[in-house]
Amino acid sequence: MRTDGHWSDHTACRAADPEELFADGAGQNRSKAICFGCPVRTECLAHALDNRVEHGVWGGMTKRERRALLRRRPTVTSWRRLLDTARQEHRADIGRVADPGARLPEAS
């Protein structure tokens, strides 16, 4: 996660037309394409999930996709914490693949 300013200051969509981000149908696919390379996509998605945002594309997911995810994972109390943890674990996994000789942490 970025620490210089609020995550929303770094969105790929900050210069986009808001009508495009809250479109229906094929317009949603164009919005999702903007999200694909966004440096704060995870923070954006976590915000929408934690705050139950009902409209628009957030973090690369439509409102329908977010609703389905919320239904599948009703016990999640903090999407931000969950997604941050998943990102850290993913980065650690990539580091182990990049350095196969690295020792894995001991199990406690």
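Below is a table of values for the structure above.
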quantity	calculated
Sole exception among (1) at pLDDT 95 or above; (2) open to solvent by 20 Å² or more (accessible area, probe 1.4 Å); (3) assigned to a helix (DSSP H, G or I) for PRO74, by number	(3)
From the options ALA12, ALA16, residue that is touching a residue at least 12 places away in the same chain (Cβ under 8 Å), surrounded by 12 or more Cβ atoms within 10 Å (Cβ to Cβ) and under 15 Å from the mean Cα position of the chain (by Cα)	ALA12
Failed item in (1) modelled with pLDDT of 85 or more; (2) surrounded by 11 or more Cβ atoms within 10 Å (Cβ to Cβ); (3) within 23 Å of LEU82 (Cα to Cα), with HIS6 passing the rest	(2)
Looking only at region 19-59, and only at residues there that are part of a loop (DSSP other than H, G, I, E, B) and touching a Leu at 6+ places or on another chain (Cβ under 8 Å), the one that is most open to solvent (accessible area, probe 1.4 Å)	ARG52
Single unsatisfied condition, THR85 versus (1) among the β-branched types (Val, Ile, Thr); (2) under 25 Å from ILE34 (Cα atoms); (3) modelled with pLDDT of 95 or more	(3)
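The values are calculated or read from the model by the stated rules, or taken from the named source; none is laboratory data. From a predicted model like this one, the values you see are computed outputs, not experimental measurements. Cβ sites come from the backbone with ideal geometry, for glycine too, and all protein chains shown count toward neighbours. Surface areas here come from the heavy atoms of the whole protein model, side chains and all, with no ligands, DNA or RNA. Shrake-Rupley method; radii C 1.70, N 1.55, O 1.52, S 1.80 Å.
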